[in-house]
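Worksheet for the structure shown next.
The values are calculated or read from the model by the stated rules, or taken from the named source; none is laboratory data. Since the model is a prediction, treat every value here as computed from it, not as a measurement. Here the Cβ positions follow ideal geometry from the backbone for every residue, glycine too, while neighbour counts run over all protein chains shown.
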């Protein structure tokens, strides 16, 4: 009986002595977390520079109850007493593409890109229309 009790006592002490080595779970989780770092993609809008005066040769355009100004193919909108460069509004139509337009194909459809804006030819109507960025 005493011999059995001693073995139980020794077993308990061994288990207690080894318990810090056996608890690998938190350390493993930390190592696992370090190997698989999470990457979050964030879309950051570029801030458009504000200008106090429009270029000399600008044109005022009213579209969808808003005032826009176009100069040298760049679009501006009034904001807090200044002007902010913006993209042309979707749906707006032009007879001639702005300078610097480049032809791009997305999923077999031809677009014309100027800066970050896309135009699509409306053949029957005879104009280019500003469209959303094509997915492709």
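Conditions tested, residue by residue: (1) on the phi > 0 side of the Ramachandran plot; (2) surrounded by fewer than 10 Cβ atoms within 10 Å (Cβ to Cβ).
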position	(1), (2)
54	no, no
66	no, no
73	yes, no
79	no, no
102	no, yes
130	no, no
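For the stretch 62-85, what are the residues that are assigned to a strand (DSSP E or B) and more than 15 Å from residue 98 (Cα to Cα)?
62, 63, 66, 67, 68, 77, 78, 79, 82, 83, 84, 85
Among the residues of the stretch 110-119, how many are more than 22 Å from residue 77 (Cβ to Cβ) and at pLDDT below 95?
0
Considering only residues that are under 11 Å from residue 87 (Cβ atoms) and touching a residue at least 40 places away in the same chain (Cβ under 8 Å), which ones fall in the stretch 116-133?
130, 132
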